[in-house]
There are 2 protein chains.
Amino acid sequence: MTALRAFEAAARLGGFARAADELCVTPGAVAQQVKALEEWCGAALFERRAQGVVLSWVGVRVLPGLTGAFDALGAAVGELRQAALPGRLHVAALPAVAQLWLSPRLPAIRAALPDLEISVSALEQPPNMAREPFDMTVFYGDGAGLGIARDVIFPVCAPQLAGQLETVEDLAAVPCLSDAVWAQDWPIWLAEAGAEVQVSGPVYSLYALAVEEALHGAGVLIGHGALVSRHLDSGALVAPFGTRAELPRWLEIGVRDGALSPPLRALSRLLAGKSSL
Amino acid sequence: MTALRAFEAAARLGGFARAADELCVTPGAVAQQVKALEEWCGAALFERRAQGVVLSWVGVRVLPGLTGAFDALGAAVGELRQAALPGRLHVAALPAVAQLWLSPRLPAIRAALPDLEISVSALEQPPNMAREPFDMTVFYGDGAGLGIARDVIFPVCAPQLAGQLETVEDLAAVPCLSDAVWAQDWPIWLAEAGAEVQVSGPVYSLYALAVEEALHGAGVLIGHGALVSRHLDSGALVAPFGTRAELPRWLEIGVRDGALSPPLRALSRLLAGKSSL
DNA sequence: GAATACCCCCAGTAATTCTATGCCTGTATA
DNA sequence: TATACAGGCATAGAATTACTGGGGGTATTC
């Protein structure tokens, strides 16, 4: 059973490490389960190569059925959760999105939809909606989902720091904050701005933390439109330069395939409709 | 996961005890799993009544999807086993059938189909083919499957004992062997024979054991046609009376729904074709 | 009014699964 | 050519999970 899950994930994702990631276990655990399954059925499911594993013929043959079965199981579990407590919604979002975009909107949404109980989980990677018990996701994606806003980046900083920034080249003289997983943001924007200057500064593992530091005047942050607009509106942050770089990705809402339940439809409408905030 | 299995079985079979039976665990284990699932999803899946449990509205709603998902999983596992080792067949049969009917036929079948590796498991109850990894079952059923022979019962005994049996009433004077799960055999046959006589004798939990005892002259056994015909042919047992009671059930072969693999087709043809033996 | 057939609860135990570690192999980098 | 690195293997011990076995309760059945 567990072995089937491990095999399905490894086969679908093409590696034990990735499967381990999805299943939230160590690669060793996946390897063990796959090996147990191979012993049970008496045939090799993968060919082991130095650079990873590739599906054997038997594996190729059984993967579609297995994937379909697990998807059906995931759908049944989702149906169970919804039938049990129709007003409960569970949203998964990138930590930065959850804290900087979703969280400020929740009070108004909870007031508008008082019968809903909305839970939020912060995840680094978008979950597999067909398997995990989430009702909605808010992540940056390639535009396949329900788009909220294009991701645009531009430097932002506390107002008192903006006086030091006359030209783009002045950035070399101040700390330039950035996020670890979005390490390319500064180079991309600098290229867009046509600047040759090298910038440097502290790197944060949590974007919200970098925003916090920028609010306190710790440096210039490379801001993401949707995540800093609130502070731009309030004046707590300002954008010292006019140049904006558009990234090829959108902040978007994802829902399970199939019929949207009324509460889910109401929530997604509220979230998508307020994109201009 | 385990909880989903437990719930599905309990809901489908209408009781924790029956589910426990199918899953080969104690009823307490099923109750625990179902309770855990109810706590996880936050709604009652069953209504507890004194005479058992009945599905709640939520339970009714999610059962079909869950059953379908588990069936799909079972089918995928079956596909895996077959793809891994196409020549391996696993037959489930009633212990008596396995020992007295199937086992004598296997040598000839193995000779005819040398590429097949045929395993046999003795089970008291027919397994759920959609879930358990069996390729074929041989049980007594109501005629829905591939019938082999109608179940007929009649007394049989060792030849030296037959001399003591002039009339049906003489049965009261000799030990009348019977099987624990087929306790009604003697009353049914006696009613068919129109006799008022009361018979008694040792009861066996294993029909094959009762046959063995009858061969040794320990008493008169209520014989099942398919299970004693071999000994009647060899003369090791004789039927002292002409009356035969036909039971409303047939010895029959069951296979998974869908396409029969060539090895399975060959095996079922051999087994069904040799029913006259 | 016993016997039966269910299910509930709890504590201890048994089984499974996971982590942690060191090792190996082939690829990519310097 | 040397060196890091990514991915998988193997084992033992640890943690989690699931199961058993006991006692108890409540309706139906004969």
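The values are calculated or read from the model by the stated rules, or taken from the named source; none is laboratory data. On a predicted model such as this, the values are computed, not experimentally measured, just so you know. Quick reminder, even Gly has a Cβ in these numbers, built from the backbone with ideal geometry, and neighbours come from all protein chains shown.
What the table shows:
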item: Hits in segment B:1-43 - residues which are of a type in the set (Gly, Ala, Ser) and not in a helix (DSSP H, G or I); result: B:Gly14, B:Gly15, B:Gly42, B:Ala43
item: Segment A:1-16: number of residues that are within 12 Å of another protein chain (Cβ to nearest Cβ) and touching a strand residue (DSSP E or B) at 6+ places or on another chain (Cβ under 8 Å); result: 1
item: Subset of segment B:124-142 (residues that are in contact with a Pro (Cβ under 8 Å, 6 or more places away or on another chain) and over 30 Å from B:Val174 (Cα atoms)); result: B:Phe134, B:Thr137, B:Phe139, B:Gly141, B:Asp142
item: Scan of segment A:84-110 for residues that are closer than 12 Å to A:Leu267 by Cα and either more than 14 Å from chain B (Cβ to nearest Cβ) or part of a loop (DSSP other than H, G, I, E, B) (or both), ordered by number; result: A:Gly87, A:Val91, A:Leu102, A:Arg105, A:Leu106, A:Ala108, A:Ile109, A:Arg110
item: Filter result (farther than 21 Å from B:Arg5 by Cβ, at the interface with another protein chain (Cβ under 9 Å from one of its Cβ atoms), buried (at least 17 other Cβ atoms within 10 Å of the Cβ) and away from DNA strand D (no atom under 11 Å from the Cβ)) within segment A:17-58; result: A:Ala43, A:Val58
item: Residue that is outside the structural domain of A:Val138 (by TED's automatic domain parsing), within 16 Å of DNA strand C (Cβ to nearest atom) and farther than 30 Å from A:Arg230 by Cβ, where the choices are A:Ala31, A:Ala76, A:Ala44; result: A:Ala31
item: Residue in segment B:8-28 that is nearest to DNA strand C (Cβ to nearest atom), counting only those that are charged (D, E, K, R) and closer than 22 Å to A:Gly74 by Cα; result: B:Arg12
item: Residue tally, condition facing chain A (nearest Cβ under 8 Å) and in contact (Cβ under 8 Å) with a residue 40 or more places away in the chain, over segment B:59-72; result: 2
